[in-house]
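Trainee: Can you keep this structure in mind? I'll have questions shortly.
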Amino acid sequence: MKVFLIIVAIVVGLVVIWAIAAYNGLIQRRNRVENSWSQIDVQLKRRLDLVPNLVETVKGYAAHERETLDAVVRARNAAIAAPATPGAQASADNLLTGALRQLFALSEAYPDLKANQNFLALQEELTATEGRVAYARQFYNDTVLAYNTKLETFPTMFIARSMKLEKREYFEADEAARTAPKVEF
């Protein structure tokens, strides 16, 4: 009888240890997802701060290209106003990316603008920020993948359900962001 009680105690102890480890693992992954999302948010805000300076620089050289400049400003404002969810942010980000592509394509038509040091510095800073945004997106999606997999994997799915944890959505580019803009002069 003692041996049976010891075996039951060991099994119960192992189940409790596993449950604690599974709970802590889920919490860690959830926090990583939230942290990686905040990194995207930081980079998107940095990018939004650069856009007005870039637009003002271009205005001096391409004042009659008002439609393109207005599209960039509208896209930036939409990105600022977008809800802080991956889907909404991705949609606003895709709109801004398309507008910025048109702006940079526009710069090809103005050799003086391409030679302007302010424009070049802003373009380089924005390009570096785009790299950071791309890395942050990839890191976020990798983190979401690990988190969602943990939520659906046996046996941690039982703890996840008891905690009412839900899958997170990926940060995805829409079809418009995957195609190059057409710029006509």
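The values are calculated or read from the model by the stated rules, or taken from the named source; none is laboratory data. Because the structure is predicted, anything quoted here is derived from the model rather than measured. For neighbour counting, all protein chains shown are included, and Cβ atoms are generated from backbone atoms with ideal geometry for every residue, glycine included.
Trainee: So, in the range 38-83, exactly how many residues are touching a helix residue (DSSP H, G or I) at 6+ places or on another chain (Cβ under 7 Å), closer than 30 Å to Ile159 by Cβ and surrounded by fewer than 20 Cβ atoms within 10 Å (Cβ to Cβ)?
Mentor: Here is the first cut: in the range 38-83, the ones touching a helix residue (DSSP H, G or I) at 6+ places or on another chain (Cβ under 7 Å) are 39-40, 43-44, 46-48, 50-51, 53-55, 57-59, 61-62, 65, 68-69, 71-73, 75-76, 78-80, 82.
With closer than 30 Å to Ile159 by Cβ added as a condition, the list becomes 39-40.
Cutting the leftovers down to surrounded by fewer than 20 Cβ atoms within 10 Å (Cβ to Cβ) gives us 39.
Qualifying residue count for the region: 1.
Trainee: Hey, another quick one. Being free of Cβ contacts under 8 Å to residues at least 24 places away in the same chain and of a type in the set (A, V, I, L, M, F, W, C) is the filter here, so list the residues in the range 73-109 that pass it.
Mentor: Val73, Ala78, Ala81, Ala82, Ala88, Ala92, Phe104
Trainee: Identify all residues within the range 22-41 that are without any contact (Cβ under 8 Å) to a residue 60 or more places away in the chain and among the β-branched types (Val, Ile, Thr); write none if there are none.
Mentor: Within the range 22-41, Ile27 is the sole residue that qualifies.
Trainee: Let me ask something else about it. Exactly one of (1) at pLDDT below 90; (2) among the basic types (Lys, Arg); (3) in contact with a Ser or Thr (Cβ under 7 Å, 6 or more places away or on another chain) is unmet by Lys150. Its number?
Mentor: (1)
Trainee: Then there is this: Residues being among the hydroxyl-bearing types (Ser, Thr, Tyr) and either in contact (Cβ under 8 Å) with a residue 60 or more places away in the chain or in a loop (DSSP other than H, G, I, E, B) (or both): count how many of those fall in the range 42-64. Even if it seems obvious, please write down each step before you answer.
Mentor: Of the residues in the range 42-64, the ones among the hydroxyl-bearing types (Ser, Thr, Tyr) are 57, 61.
Filter once more, keeping what is either in contact (Cβ under 8 Å) with a residue 60 or more places away in the chain or in a loop (DSSP other than H, G, I, E, B) (or both): 57.
Of the residues in the range 42-64, 1 are among the hydroxyl-bearing types (Ser, Thr, Tyr) and either in contact (Cβ under 8 Å) with a residue 60 or more places away in the chain or in a loop (DSSP other than H, G, I, E, B) (or both).
Trainee: Could we say that Leu145 is surrounded by fewer than 19 Cβ atoms within 10 Å (Cβ to Cβ), of a type outside the set (Asp, Glu) and in a helix (DSSP H, G or I) here? Walk me through how you get there before you give the answer.
Mentor: Numbers: surrounded by fewer than 19 Cβ atoms within 10 Å (Cβ to Cβ): yes; of a type outside the set (Asp, Glu): yes; in a helix (DSSP H, G or I): yes.
When the stated conditions are applied, Leu145 passes them.
Trainee: Of the residues Arg137, Arg132, which single one is assigned to a helix (DSSP H, G or I), surrounded by fewer than 19 Cβ atoms within 10 Å (Cβ to Cβ), at pLDDT below 95 and under 19 Å from the mean Cα position of the chain (by Cα)? First the steps, then the outcome.
Mentor: On the way: Arg137 fails: surrounded by fewer than 19 Cβ atoms within 10 Å (Cβ to Cβ).
Criteria check complete, one pass: Arg132.
Trainee: Among the numbered criteria (1) farther than 27 Å from Val73 by Cβ; (2) in contact with a helix residue (DSSP H, G or I) (Cβ under 6 Å, 6 or more places away or on another chain); (3) touching a residue at least 60 places away in the same chain (Cβ under 8 Å), which single criterion is violated by Leu122?
Mentor: (1)
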